[in-house]
Structure formats: C-alpha cells, structure tokens
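> This is the structure I have questions about; it appears just below.
The values are calculated or read from the model by the stated rules, or taken from the named source; none is laboratory data. Bear in mind that the values here come from a model prediction, so they are computed numbers and not experimental data. Cβ: placed from backbone, ideal geometry, glycine included. Neighbour counts: every protein chain shown. Keep in mind that these areas ignore ligands, DNA and RNA; they rest on the heavy atoms of the full protein, side chains included. Shrake-Rupley method; radii C 1.70, N 1.55, O 1.52, S 1.80 Å.
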Amino acid sequence: MLLKDWRHLRGRTQEWLAEETGIDQALISKYEHGVRPLVPNVRKIEAATGGEVTLEDWYPTGAKGEVKGG
C-alpha cells in the first residue's frame, strides 16, 4: 500500500507519522512523492502502520526473493 493512501485511509497526517517514527516530516513528504526510504526508515514506517506499509511496497521482490532496483 502506498504511504499516502494509508495515511488518508487512517486519517493520519505526515506530522503524526513523523512523531510516531522519528522521521522528519519533510522526508516523509519526499517518500510520498517517490523517494525511496532507506531500510531502517521503512522498518519504522512498518511499525507505525501496523505492518500495512512494508518494504515490499517500496522495493518489490522478484521471483527469487531478490530486491529489484535497490
């Protein structure tokens, strides 16, 4: 699921997510506009979203479980 879609479905703001994750709000905005986060930040986002936004959403895996384009 896209991060922005998740936030809208849950009624959460970028500011809320920034507070929950410790990631700067400006960086969250960049993630929502196509910048891929580093894995440690993805893990923080996964935790804050209850696992509804995952590493797979930014870095899809191939048939062999390899990260594509990362």
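> What distance in nm separates the simple spin-label points at LEU2 and ALA26, each placed 7 Å from Cα in the Cβ direction?
2.4
> Counting heavy atoms of the protein chains only and a 1.4 Å probe, report the per residue accessible area for the chain as a whole number of Å². All intermediate terms of the calculation are to be shown ahead of the outcome.
Values: 4470 Å² over 70 residues.
Per-residue value: 64 Å².
> Moving to a separate point now. Whole-Hz Karplus ³J(HN,Hα) for the range 18-24, in order, using 6.51 cos²θ - 1.76 cosθ + 1.60 and θ = phi - 60°, x for Gly and Pro?
4, 5, 5, 9, x, 9, 4
> Here is a further query. Can you compute the FRET efficiency between GLU15 and LEU55 using 1/(1 + (r/R0)^6), with r the Cβ-Cβ distance and R0 = 22 Å? Round to the nearest 0.05.
Numbers: r = 23 Å, r/R0 = 1.07.
Taking R0 as 22 Å, the efficiency between GLU15 and LEU55 is 0.40.
> Normalised by the number of residues in the chain, what is the relative contact order in percent for Cα pairs under 8 Å and 6+ residues apart? Spell out each step's value before the answer.
Numbers: 57 pairs, mean separation 20.4, N = 70.
Here the relative contact order equals 29 percent.
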